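Below: the structure, in structure tokens.
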Amino acid sequence: MVTTDPDIAPLVCDRARNQNLFFFHTKILYHIAKITCKCYHKSMQIGIVGLPNVGKSTLFNALTRAGAQAANYPFCTIEPNIGIVRVADPRIDYLAKHYNPKSVIYATIEFVDIAGLVKGASKGEGLGNRFLAKIREVDAIVHVVRAFENSDIIHVNGKIDPDYDIDIINIELELGGIDKPTIYCINGDKIPKSLADKPVVTLDVKLEEELSALEDAERLEMMSAYGLKQSGLDLLAQTAYKTVGLISFFTAGTPEVRAWTIKQGTKAPGAAGKIHTDFERGFIRAEVCAYDDFVKYGDLVKAREAGRVRSEGKDYVVRDGDIIHFRFNV
Ligand SMILES: Nc1nc2c(ncn2[C@@H]2O[C@H](COP(=O)(O)OP(=O)(O)OP(=O)(O)O)[C@@H](O)[C@H]2O)c(=O)[nH]1
Ligand SMILES: [Mg+2]
């Protein structure tokens, strides 16, 4: 707006200056956000989906101990809850014991507790479209299927029929144009026939929630009382990790023992770039020892003496469990 009116010209000028200032600040904030995003190592995000009232929020609570609302009525969850869960890894436990480092960092998965889907969700039934939009943003899906009997817990279709329920959700996901890796989580103990060759974990979601609230010693005691060898939640996280095609490499020393997540097939410079862009830019070589060799020979020095620490170049495809020290120059 251009004006020569002496009364309002200064006001217009002021407004323009404020606007410019506003844009300038917005621009700065945008750049700060961009830089922050670059430094932030995003973990894989998994959406928990399924029919209403099948135990999704209970599973989420168990996973994150975050206390998301879980209650016996359909559509109890409306806003998605997000929780970050570490991927249990006995190799990291071993390396941590060996180095006694200042910090130990496990790989993580972000779980999103999405609301229940119903038949017709892709056409807007339930709160369908909104939930489907959320599912579109995740890297993989954990599809919770109710297989437990309990007449106190309402089932939207009035009967427990896992195969039927799985079909309903899968049809809605397909109609909603969602084609993602899926890990089935059977809330109960019997794997439905239709899932024979699919990534599937069976667990008692309610029991897992109770276990997750206990201290380590009590938890192990209760697990052995129920005949559980491994936490169902750990198994779920590990299965998800594999299904999406992710692997871990490790950096290990006295300051820090850490798992880094990469896609299967990532070459050494790409893996280095996970740690810092400088590592990738100035990559010279990677000194690599397989985790099994580390354990076999006792430490890196002895593994090196045995010729088990390899010097790998930029075409090396990193393997799951590699302990890596990167040489770089910038
Ligand atoms: N007996 C039994 N009850 C369970 C189990 N899992 C969940 N429940 C109960 O079922 C009810 C529903 O669980 P939620 O976790 O809120 O279900 P949800 O899938 O998140 O439901 P929506 O958010 O409404 O879609 C709660 O009362 C839970 O305590 C289970 O394995 N066994
Ligand atoms: Mg819920």
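One table, with the values for the structure above:
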{"read-out": "Region 198-276 shape via C-alpha gyration tensor axes, a/c threshold 1.5", "value": "oblate"}
{"read-out": "Taking the C-alpha atoms of region 109-192, convex hull volume expressed per residue in Å³", "value": "103"}
{"read-out": "Computed lengthening from Tyr226 to Glu305, 0.36 nm per intervening residue step minus Cα-Cα distance", "value": "23.8 nm"}
{"read-out": "Mean Cβ neighbour count within 10 Å, used as a protection proxy, ranking 103-109, 138-144 highest first", "value": "138-144, 103-109"}
{"read-out": "Footprinting exposure proxy for Ile82, Ile135 (fewest neighbouring C-beta atoms within 10 Å first)", "value": "Ile82, Ile135"}
{"read-out": "Region 115-256 - percent relative contact order, Cα under 8 Å, separation 6 or more", "value": "21"}
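All of the numbers you see were taken from the coordinates with simple rules; none came from a lab. Worth saying up front: this structure is predicted, and the values here are computed from it rather than measured. Using ideal geometry, Cβ is built from the backbone for each residue, glycine included, and neighbour counts are taken over all protein chains shown.
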